[in-house]
Amino acid sequence: MKFNRNKNVIILLIFTISVINCVYSLSVKNTKITANTNKNTKLKVLSKTNTVSSTYLRNFLTFQNGLLSSPTVKVVNIIKKSPRIYTEGLFYEDGNIYESGYYKNKSFLVKKNHESKKIIKTVPLLSLTGKGIAKCRNKFYQLTEKEKKVITYTYPDLNLITTSFLDSEMLNGGGLSNLTDNNLVATDGTNNLHILDCQDELYVIKSIPIYDLNGTPMTGLQDLTVVDEYVYANRQNDNRILKIDPKNGSVVKTYDLINLINYELKMKSLSRNDIAKGSILNGITYDKKRNLFILTGRNWGYYYEVKLQ
């Protein structure tokens, strides 16, 4: 990965953070000095201070997101990720985010409010290795990697219904997303997309090999989500999101997320050593009401709400 491509931009961003914080601190300090013992005056000063604070914060966030954006990727919001999960699967609906992954070397499925970060439910997987997650009708599914199993839950309560084996046509459990009312689409670490039947124990209906425009197989497909007629997928050791046409298996467009990786590095939520050990871009879902993607990575410090142009 070329982490230095946007080095100057990220340095400018960090410098701007320092300048704005300094100016804001001076503004608040000078405002408070003018206060006297009159109660009404104190209230006015506090109101002015809050206005200054919100204005600086709003302007800074707009500036920050603009620097992280590109012609094809518009960063709308950055949200602190808590807890720091080694993300393998992501799903969003009705204000709640569902995340499959690892925390302190233990695999689990967690449901939490996306805005408040309040954890609603945690499902430990014990010895299983959780991967992609998706909803189909009134059920929620989670794939496991090494054990090649499908875990079926009730939705939205995440009560266990059953555990079964993956179709033998899939090499491993990988990414998972809803495709139609009756079908899911899955990856298994190869360059194949597998169409699964929700009404028949997620048996494989069809497998579609994925190639880029040069005919190179896109091996290592990971988490994915479906928007309109296209599949948007993460890929192992790739800082891009692939936009795939499932009708013919071709990659029609790619989105480079190197700015987000550099931001994680500069904010020290990741190190180059972390990335070398697997803390890569992975985890993608879509908010239909706001028409934006929610992205993250393995052990990343943030969620990114973005629009892909």
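Would you check if Lys106 is out of contact with any Lys or Arg (no Cβ under 7 Å at 6 or more places or on another chain), without any contact (Cβ under 8 Å) to a residue 40 or more places away in the chain and closer than 25 Å to Ser279 by Cβ? Show your work before the answer.
Numbers: out of contact with any Lys or Arg (no Cβ under 7 Å at 6 or more places or on another chain): yes; without any contact (Cβ under 8 Å) to a residue 40 or more places away in the chain: yes; closer than 25 Å to Ser279 by Cβ: yes.
For Lys106, the condition - out of contact with any Lys or Arg (no Cβ under 7 Å at 6 or more places or on another chain), without any contact (Cβ under 8 Å) to a residue 40 or more places away in the chain and closer than 25 Å to Ser279 by Cβ - is met.
Could you please tell me which pairs satisfy a Cβ distance under 6 Å, a separation of 6+ or placement on different chains, a first residue in the stretch 246-257 that is buried (at least 17 other Cβ atoms within 10 Å of the Cβ), and a second residue that is assigned to a loop (DSSP other than H, G, I, E, B)?
Going by the 6 Å Cβ cut-off, the qualifying pairs are Gly249/Ile210; Val251/Asp212; Tyr255/Thr72; Leu257/Asn239.
Would it be correct to say that Leu128 is in contact with an Asp or Glu (Cβ under 6 Å, 6 or more places away or on another chain) and over 16 Å from Val226 (Cα atoms)?
Working: in contact with an Asp or Glu (Cβ under 6 Å, 6 or more places away or on another chain): yes; over 16 Å from Val226 (Cα atoms): yes.
Taking the combined requirement at face value, the residue satisfies it.
Give me the pairs, please: first residue somewhere in the stretch 282-296 and of a type in the set (S, T, N, Q), second residue anywhere and part of a loop (DSSP other than H, G, I, E, B), beta-carbon distance under 8 Å, and either six or more positions apart or on two chains.
Pairs found: Thr296/Lys81.
Among (1) closer than 21 Å to Leu221 by Cα; (2) more than 25 Å from the chain's Cα centre (by Cα), there is one condition Gly174 misses while meeting the rest; what is its number?
Exception for Gly174: condition (2).
Report the residue count in the stretch 268-286 for those that are surrounded by fewer than 16 Cβ atoms within 10 Å (Cβ to Cβ) and over 13 Å from Gln222 (Cα atoms). Walk me through how you get there before you give the answer.
Just the residues of the stretch 268-286 that are surrounded by fewer than 16 Cβ atoms within 10 Å (Cβ to Cβ), to begin with: 268, 271-273, 276-278.
Within this subset, residues satisfying the condition of being over 13 Å from Gln222 (Cα atoms) are 268, 271-273, 276-277.
Summing the residues that are surrounded by fewer than 16 Cβ atoms within 10 Å (Cβ to Cβ) and over 13 Å from Gln222 (Cα atoms) in the stretch 268-286 gives 6.
Could you list, in sequence order, all residues of the stretch 179-190 that are surrounded by fewer than 20 Cβ atoms within 10 Å (Cβ to Cβ) and polar (S, T, N, Q)?
Thr180, Asn182, Asn183, Thr190
Looking only at residues in the stretch 191-214 that are surrounded by 14 or more Cβ atoms within 10 Å (Cβ to Cβ) and in contact with a Gly (Cβ under 7 Å, 6 or more places away or on another chain), which one is farthest from Lys149 (Cα to Cα)?
Tyr211
Bear in mind that the values in this text are calculations on the coordinates, not laboratory data. For clarity, every value in this text was computed on a predicted model and none was experimentally measured. Ideal geometry is used to build each Cβ from the backbone, glycine not excepted, and the neighbour counts take in all protein chains shown.
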